[in-house]
Amino acid sequence: MRGNRSKDFPDLTIDQIKQAVKYWRAVLIRQDQQRNFNRYRMFEQDLGLVNVDQFDTAESNSVDSMVTITRTENRIPAPLRLKEWEGITHVGEIDKTGQPIPVVDAQRSYWNQYNKYTGNDREAFYRDGYVYVKNDKTLDQINIRGIFEDPEEVYDYKGIDENSPFPVPEDMEQRIVQSLLNGELGFAVQMQGAQTQQQQE
């Protein structure tokens, strides 16, 4: 690598190559989820223990609804949007072996309160960067796991090395590389080959 450019693809910056990898990772995960839903654990990242507090449901500086809900104090990295669900795979208490809190769609959560048998049960949902927990105001921290759009955002969120491996299985790594060569990086490879041929001539 020279400066901020790849030695193999000098016309592309490292950041451009990273963006291409993230794009194809997201595309292939979505395709994989439609065929092999049980593989989601292979793409999962753990945010660790996340602080939560009570917030007014109006979430406004000028208006109060007088109703509070448990919510993460800060926004979390964006989960990967999949076909039928947000990419949040687990919400639970600090005991990671304990009973998980069911994760439901944000719209469905509203109607669930009218269920005769489960209307008062705990449930979690994701909306606008936050995770909410209904029917439990005793929590100080929760554990969140999920399939996130940008693995590097998770590394920054947790304060760990951004060069840590991306959460993908080996078979998908090969598909990503092939997709890059056939797609965005393929053009760079072709251009580099043409330039090399001209120099040899």
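Where a number appears in this text, it was derived from the coordinates with a stated rule and is not lab data. Remember, it's a predicted structure, so these values are computed and weren't measured experimentally. Note: ideal-geometry Cβ built from the backbone for every residue, glycine included; neighbour counts use all protein chains shown.
3J(HN,Hα) along the range 173-178: 4, 5, 5, 5, 4, 5 Hz, from the Karplus curve 6.51 cos²θ - 1.76 cosθ + 1.60 with θ = phi - 60°, whole Hz, x for Gly and Pro.
Less than 5 angstrom separates the built amide H of Val103 from those of Ala124, all sequence-distant by 5 or more or on a different chain. Amide H contacts of Arg127 (H built 1.01 Å from N, in plane; Pro and chain starts excluded): Tyr132 sit under 5 Å, all sequence-distant by 5 or more or on other chains.
Taking amide H positions as modeled 1.01 Å from N, with prolines and chain starts lacking one, the residues under 5 Å from Gly87 and 5 or more places away or on another chain are Leu80, Leu82. With a Förster radius of 35 Å applied to the beta-carbon distance between Asp161 and Lys137, the computed FRET efficiency rounds to 0.45. Across the range 20-25, rounded Karplus estimates of 3J(HN,Hα) from the backbone phi angles (6.51 cos²θ - 1.76 cosθ + 1.60, θ = phi - 60°) give 5, 5, 4, 4, 5, 4 Hz, Gly and Pro being marked x. Shape of the range 1-145 from its Cα gyration tensor (a ≥ b ≥ c, root eigenvalues): rounded if a/c is under 1.5, otherwise prolate when a/b > b/c, or oblate? Prolate. Shape class of the range 70-141 from the alpha-carbon gyration tensor: oblate, with a/c at 1.5 or above and b/c at least as large as a/b. When you filter the chymotrypsin sites (Phe, Trp or Tyr not before Pro) in the range 68-156 for DSSP loop state and at most 10 other Cβ atoms inside 10 Å of their Cβ, you are left with Tyr114, Tyr117. Per-residue Karplus couplings for the range 74-89, computed as 6.51 cos²θ - 1.76 cosθ + 1.60 with θ equal to phi - 60°, are listed in order as 10, 5, 9, x, 5, x, 6, 6, 9, 4, 10, 7, 6, x, 7, 9 Hz, Gly and Pro entered as x. Say the cut-off is 28 Å between C-alpha atoms; which of Lys18/Lys83; Lys22/Lys134; Lys116/Lys158; Lys18/Lys158; Lys22/Lys137 go over it? In this structure, Lys22/Lys134; Lys116/Lys158; Lys22/Lys137 exceed 28 Å between Cα atoms.
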